[in-house]
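A short worksheet on the structure shown next.
The values are calculated or read from the model by the stated rules, or taken from the named source; none is laboratory data. Because the structure is predicted, anything quoted here is derived from the model rather than measured. All Cβ positions, even for glycine, are placed from backbone atoms using ideal geometry, and neighbour counts span all protein chains on display.
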Amino acid sequence: MAPNREHTLILIKPDAVEQDLHLTVLARLEHTVEGSRYVASRILQFNPDLCREHYSHLTEKPFYKNIETYMCSGHIWAAVLEGPHGMIPAIREDIGATDPTAAAKGTIRNTYGTKIDLGNGEYFTRNVVHASESQQEAYEEIRRLFLKEEIQNSAPEFAEKLWPATE
Ligand code: UDP
Ligand code: MG
């Protein structure tokens, strides 16, 4: 693996898959940073256990049940994007802030996301897309959702890094 390559997990959430936006969003994110490429992708379905692991930092929030219902409501497209150093923050910038109404104009979440005010300053959002916040978060998320076999043909060194051979 060339030094300085970064990897991130992209999830196209159920609201976007339902609106047939998955190809549009995946194609856009492949071009956000020059020199990026997808090394794996597949459709999957979250269940409550998987959702709780993926969003473990939010399970105590009053709106967690909304997130679970949303993320388990339909198909999700999961993709692993590989790119140069700095890709992770660049992708986060292109998708926009968590709250679509606070996200910059032209970002994916600002363009396609919806927000529901829950009162007390809390909100719940169907915001189209997930992208890992850090390299460490990406590694954990990719390991949870993909198998080594799904990645090793297109990115053998990365697969070896995430799932080191035991012998
Ligand atoms: N979320 C929400 N309200 C909040 C915070 C989060 O509805 O106040 C949902 C939203 O769908 C978000 C997801 O939970 O994308 C994960 O939250 P996180 O803080 O990790 O934001 P992200 O990394 O997705 O921008
Ligand atoms: Mg996050």
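Just to be sure I understand the filter: pairs with C-beta atoms under 6 Å, separated by 6 or more residues or on different chains, first member in segment 133-152 and in contact (Cβ under 8 Å) with a residue 60 or more places away in the chain, second member assigned to a helix (DSSP H, G or I) and buried (at least 17 other Cβ atoms within 10 Å of the Cβ). Which pairs pass?
Close Cβ pairs (under 6 Å, with a partner that is assigned to a helix (DSSP H, G or I) and buried (at least 17 other Cβ atoms within 10 Å of the Cβ)) amount to Ile151/Ala159.
Out of Tyr70, Tyr38, report the one residue that is within 16 Å of ligand 1 (Cβ to nearest atom) and either modelled with pLDDT under 95 or outside any loop (DSSP other than H, G, I, E, B) (or both).
Answer to the selection: Tyr70.
Go through segment 52-74 and count every residue that is in contact (Cβ under 8 Å) with a residue 60 or more places away in the chain and either of a type in the set (S, T, N, Q) or surrounded by 15 or more Cβ atoms within 10 Å (Cβ to Cβ) (or both).
Residues that pass the stated criteria total 2.
Yes/no matrix, rows are residues, columns are (1) closer than 27 Å to Glu34 by Cα; (2) hydroxyl-bearing (Ser, Thr, Tyr); (3) touching a Ser or Thr at 6+ places or on another chain (Cβ under 8 Å); (4) within 13 Å of ligand 1 (Cβ to nearest atom):
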site: Phe46; (1), (2), (3), (4): no, no, no, yes
site: His54; (1), (2), (3), (4): no, no, no, yes
site: Leu58; (1), (2), (3), (4): no, no, no, yes
site: His75; (1), (2), (3), (4): no, no, no, no
site: Val80; (1), (2), (3), (4): yes, no, yes, no
site: Ile91; (1), (2), (3), (4): yes, no, yes, yes
site: Gly96; (1), (2), (3), (4): yes, no, yes, yes
site: Lys105; (1), (2), (3), (4): yes, no, no, no
site: Asn110; (1), (2), (3), (4): yes, no, yes, yes
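Which one of these does Gly86 not meet: (1) within 15 Å of ligand 2 (Cβ to nearest atom); (2) at positive phi; (3) touching a strand residue (DSSP E or B) at 6+ places or on another chain (Cβ under 8 Å)?
(1)
When you scan segment 76-147 for strands (runs of 3 or more DSSP E) that lie fully inside it, which ones turn up with 1 or more residues that are among the hydroxyl-bearing types (Ser, Thr, Tyr) and either surrounded by fewer than 20 Cβ atoms within 10 Å (Cβ to Cβ) or over 16 Å from the mean Cα position of the chain (by Cα) (or both)?
Hits in segment 76-147: 114-119, 122-126.
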